[in-house]
Amino acid sequence: MTNSILYAYINMKKGNKGGVGIRMDIFDSSVCFVNTHLPAHQSEVKKRNESFHNVFSGLKFDDRTTSFHSEVRHVIDHTHIFWMGDLNYRIDLPYTQGQARSRDWSNLLDQVTSSPV
């Protein structure tokens with residue numbers, strides 16, 4: 001089923017912010033689990049997005065199964081990726097409560113999906 005489970009971590013120089021990941025091969029699938037703690041607060045969307053991209057591009061799984069061969073895999077190299085953790089993405093609650101009360105679903109959806117990633 002699997003012959004190795006590898007782990008990696010990245011610290012984003014913010015004390016308790018960063019990410020960890022593990023990867024494994026299960027039959028013909030490669031699976032990656034990533035857990036992150038991203039910056040908080042409504043005004044920190046840009047920092048959250050930057051931190052996400054730092055973890056996404058910075059996690060490297062170095063498979064040194066033999067002394068002659070080393071294969072480095074990144075998050076994107078897997079067939080299945082599970083991303084979880086304290087992502088700290090938020091919506092502006094007073095604004096969205098008004099939209100929800102008036103059933104302004106289109107603008108409410110725009111607020112959630114328009115955050116640049």
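The values are calculated or read from the model by the stated rules, or taken from the named source; none is laboratory data. Predicted model only: the values in this text are computed from it and were never measured. Virtual Cβ from ideal backbone geometry, glycine too; neighbours counted across all protein chains shown.
For the stretch 69-86, the tally of residues that are exposed (fewer than 15 other Cβ atoms within 10 Å of the Cβ), at pLDDT 90 or above and hydrophobic (A, V, I, L, M, F, W, C) stands at 3. If I filter the stretch 50-68 for residues that are closer than 19 Å to Gly18 by Cα, assigned to a helix (DSSP H, G or I), modelled with pLDDT of 70 or more and in contact with a Pro (Cβ under 7 Å, 6 or more places away or on another chain), do I get at least one hit? Looking through the stretch 50-68, at least one residue is closer than 19 Å to Gly18 by Cα, assigned to a helix (DSSP H, G or I), modelled with pLDDT of 70 or more and in contact with a Pro (Cβ under 7 Å, 6 or more places away or on another chain).
Picking from residues in the stretch 2-49 that are surrounded by fewer than 16 Cβ atoms within 10 Å (Cβ to Cβ) and small (Gly, Ala, Ser), the one that is modelled with the lowest pLDDT is Ser4.
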